[in-house]
Structures are given as C-alpha cells and as structure tokens.
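Comments concern the structure below.
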Amino acid sequence: MNTIAQLHHVFARAFEIPVESVNDQLEYQAIVEWDSMSHLVLIEELESTYKISIEMEDILEMSSVEKIKIVLKKYGFEIN
C-alpha cells in the first residue's frame, strides 16, 4: 500500500525532521532542512522505498510534496 503516511515518513527520514512536520504544502527550501544536499538524500530515500530510478528531469521537478506525488504517479505509485 502506498499511503501518504509512508511518503511522509520518507521525508522525515531524509530531512531528519518529525513526521508531523511533513504536509502537502511543504516545498523545497521552505524549511532549512530541505536544501540542495538533502534533496539528493530525499531522492535516494524515494528510490529505495519505491524501488525505482528517478530520471533527472523528474528530480528537477520535485520541488514540493505535492509535485513528488505527481512524479511518483508517473512511476506507477498512486499516493493516497
């Protein structure tokens, strides 16, 4: 099952923040923990969790939780 809770836990692990801090409005650089380096950690966590290899053009588009949900849908993961 691909739940929003699972996705939020990926963010929490990548950024080392409480899972309660993650929501659909969270955006790149909106918090100090989400910088260019931690973005790469997030990508690694997503690839590991969902067993996918994310293309560079998609990585560049992944600038918010909402946009990441859209990209994951492209890879066959409906997050709800």
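The values are calculated or read from the model by the stated rules, or taken from the named source; none is laboratory data. In this text the structure is predicted, and so the values were computed from the model without any measurement. Every residue, glycine among them, receives a Cβ derived from its backbone with ideal geometry; neighbour counts consider all protein chains shown.
Could you tell me whether any residue of the stretch 8-26 is surrounded by fewer than 12 Cβ atoms within 10 Å (Cβ to Cβ), without any contact (Cβ under 8 Å) to a residue 24 or more places away in the chain and among the aliphatic types (A, V, I, L, M)? Reasoning before the result, please.
Here is the first cut: in the stretch 8-26, the residues surrounded by fewer than 12 Cβ atoms within 10 Å (Cβ to Cβ) are 16, 18, 20, 23, 25.
Within this subset, residues satisfying the condition of being without any contact (Cβ under 8 Å) to a residue 24 or more places away in the chain are 16, 18, 20.
The next check asks that each one be among the aliphatic types (A, V, I, L, M); those that pass are none.
There is no residue in the stretch 8-26 that is surrounded by fewer than 12 Cβ atoms within 10 Å (Cβ to Cβ), without any contact (Cβ under 8 Å) to a residue 24 or more places away in the chain and among the aliphatic types (A, V, I, L, M).
Restricting attention to the stretch 10-21, report how many residues are in a loop (DSSP other than H, G, I, E, B) and closer than 15 Å to Met62 by Cα. Step through it out loud before you land on a result.
Narrowing the stretch 10-21 to residues in a loop (DSSP other than H, G, I, E, B): 16-18.
Still in the list and also closer than 15 Å to Met62 by Cα: none.
The qualifying residues number 0.
Only one of these conditions is not met by Ile79: (1) modelled with pLDDT of 95 or more; (2) surrounded by 17 or more Cβ atoms within 10 Å (Cβ to Cβ); (3) in a loop (DSSP other than H, G, I, E, B); (4) among the hydrophobic types (A, V, I, L, M, F, W, C). Which number is it?
Unmet condition: (1).
Can you find, within the stretch 56-70, the residue that is surrounded by the fewest Cβ atoms within 10 Å (Cβ to Cβ) among those that are more than 15 Å from Gln6 (Cα to Cα), of a type in the set (A, V, I, L, M, F, W, C) and in contact with a Leu (Cβ under 9 Å, 6 or more places away or on another chain)?
Ile59
Please find, within the stretch 8-54, the residue that is nearest to Lys73 (Cα to Cα) out of those that are β-branched (Val, Ile, Thr) and touching an Asp or Glu at 6+ places or on another chain (Cβ under 8 Å). Step through it out loud before you land on a result.
Step one: list which residues in the stretch 8-54 are β-branched (Val, Ile, Thr), which gives 10, 17, 19, 22, 31-32, 41, 43, 49, 52, 54.
Of the ones still in play, those that are also touching an Asp or Glu at 6+ places or on another chain (Cβ under 8 Å) are 10, 17, 54.
Working: Val10: 16, Ile17: 25, Ile54: 12 Å.
Ranking the qualifying residues of the stretch 8-54, first place goes to Ile54.
Which residues, taken from the stretch 28-80, are out of contact with any strand residue (DSSP E or B) (no Cβ under 8 Å at 6 or more places or on another chain), touching a residue at least 12 places away in the same chain (Cβ under 8 Å), polar (S, T, N, Q) and closer than 19 Å to Phe15 by Cα?
Across the stretch 28-80, the qualifying residues are Ser38, Thr49.
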